[in-house]
């Protein structure tokens, strides 16, 4: 069946554990209990049988990370990357593991140039300011309202983001160049307000 399923998510979801239980069912139970050691054990069993599947190794790296086993997470991510070095999923997995260990993209032997990494610094905030100054229509068709989460997703198209959406929201709230409205701490319900803002009609 594995050869018939080209989508890695579907391929992994079709697998069963050694007792015949669907892997997805067991994983849901382990996530609900936050049993990260159990998740590691499950994904180690899968990797033992599908060690040439980079997506399987990617999920093993995630399990190690959740269990706090950072070095092993990097090892699994590196194995996945070695199988498909051009795929952004596996590049991101290596970067995520490196940063969790307090390292940088320079601390890995990439095949070619290291993937681009965007950091939450003043250079990036200046770019976001420029992006907002050229925006005509934001959420709900109202000019001047730009979803913080949308900016985060736009930046993801340019490279690996060494910060989370909540970090971007916090930085924007602390920066006098920006006016933020919405729910504190929730980047999906917060907006950058620009000079072209038009309030809704009464």
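No lab work stands behind these numbers, since they all come straight from the coordinates. Values in this document were obtained by computation on a predicted structure and should not be read as measured data. Please note: Cβ atoms are built from the backbone with ideal geometry, for glycine as well, and neighbour counts cover all protein chains shown.
Residues 23, 146, ranked from the fewest to the most other C-beta atoms within 10 Å, line up as 23, 146. In plain terms, the residue of 127, 111 with the fewest other Cβ atoms within 10 Å comes first and the most crowded comes last, giving 111, 127.
Taking only the alpha carbons of the stretch 118-193, we obtain Rg and Dmax values of 11.3, 31 Å in that order.
Measuring r between the beta carbons of residue 35 and residue 83 and using R0 = 22 Å, the FRET efficiency lands at 0.20. Each of 117, 148 has some number of other Cβ atoms within 10 Å of its Cβ, and from fewest to most they run 117, 148. Summary of the geometry: the stretch 75-115 and the stretch 31-59, compared by the centres of their Cα atoms, lie 19 Å apart.
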